[in-house]
1. For helix 113-140, what angle does its Cα long axis make with the longest principal axis of the chain, in degrees from 0 to 90 and rounded to 10?
2. Cα centroids of the stretch 168-190 and the stretch 47-81: how far apart, whole angstrom?
3. By average Cβ neighbour count within 10 Å, what is the ranking of 46-54, 62-70 from highest down?
4. Using a 1.4 Å probe on the protein chains only, how many percent of the accessible area of the chain belongs to carbon and sulfur?
5. Quick one: what Rg and Dmax do you get for the stretch 96-213 from the alpha carbons, in Å?
6. Rolling a 1.4 angstrom probe over the protein heavy atoms, how many square angstrom per residue are accessible across the chain?
7. Viscosity 0.890 mPa s, temperature 25 °C: give me the Stokes-Einstein translational D for the chain in µm²/s, with Rh taken as the Kirkwood radius over C-alpha pairs.
8. Would you work out the relative contact order for the stretch 70-158, in percent, from Cα pairs under 8 angstrom that are 6 or more residues apart?
Amino acid sequence: MTDVATASIPPSALADTGHGPATRPNMVAVGTIVWLSSELMFFAGLFAIYFQLRAVRPELWAEKTEQLNVTFAAINALVLVISSVWCQLGVWKAEKGQKARTGSLLDIANWGMREWYVVTYLFGSFFIAGQVFEYSEMVHDGITLSSDAYGSIFYMATGFHGLHVTGGLIAFLLIIARTFTTRRYTHANATGAVVTSYYWHFVDVIWIALFFTIYILQ
């Protein structure tokens, strides 16, 4: 009769068969945060240029800032800030797996991520339209990209921010479209909505800083 030896598996070997800790960070979210950090450095450079030019040409700033429509810009900034609230409401719905409304369109309490992101898109589009209107008024008043140092840095700072907002609007369209093409709203779909919100909150914070610098400090 042959004895059969039973080999015991050490706990360390069992640990090696796992897939990593459950608390492992989402790589898409981490990558987005790292990328936004590089974008922050880009805007920091624009702020540095603005303050440097203002220090060199204070008389030019005193003349040109009088032509700014601060009230209109404040309303437009408020619209963008409120859009971040709608965006976050959409994120909470996405995290719960609710991609669309479960009741009527007027039943706001049962809206899903799609409805809140549509409202966010509309508010963001209003902001861009307001910025275009402001540009047209400033060009009419003689402030252009090539008119002087003030015009150059004004359009560079606000224009690059406007491009970032436009990029965010395109991202919202893609996220909204995905809710129509997927039958089951997965964790990967929700991750896309969440990282888009990171980007949108980022452009909102940058605009608050730009608004304070350009329209309040002048």
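The values are calculated or read from the model by the stated rules, or taken from the named source; none is laboratory data. Just so it is clear, the structure is predicted and the values come from calculations on it, not from any experiment. All Cβ positions, even for glycine, are placed from backbone atoms using ideal geometry, and neighbour counts span all protein chains on display. Accessible surface is based on the protein model in full, side chains and every heavy atom, while ligands, DNA and RNA are left aside. Shrake-Rupley method; radii C 1.70, N 1.55, O 1.52, S 1.80 Å.
1. 20
2. Spelled out, the Cα-based centre of one part sits 37 Å from the other.
3. 46-54, 62-70
4. Summing carbon and sulfur atoms, their accessible area is 69 percent of the total for the chain.
5. 17.8, 55
6. Per residue, the chain has 57 Å² of solvent-accessible surface.
7. D = 121 µm²/s.
8. Reported relative contact order: 26 percent.
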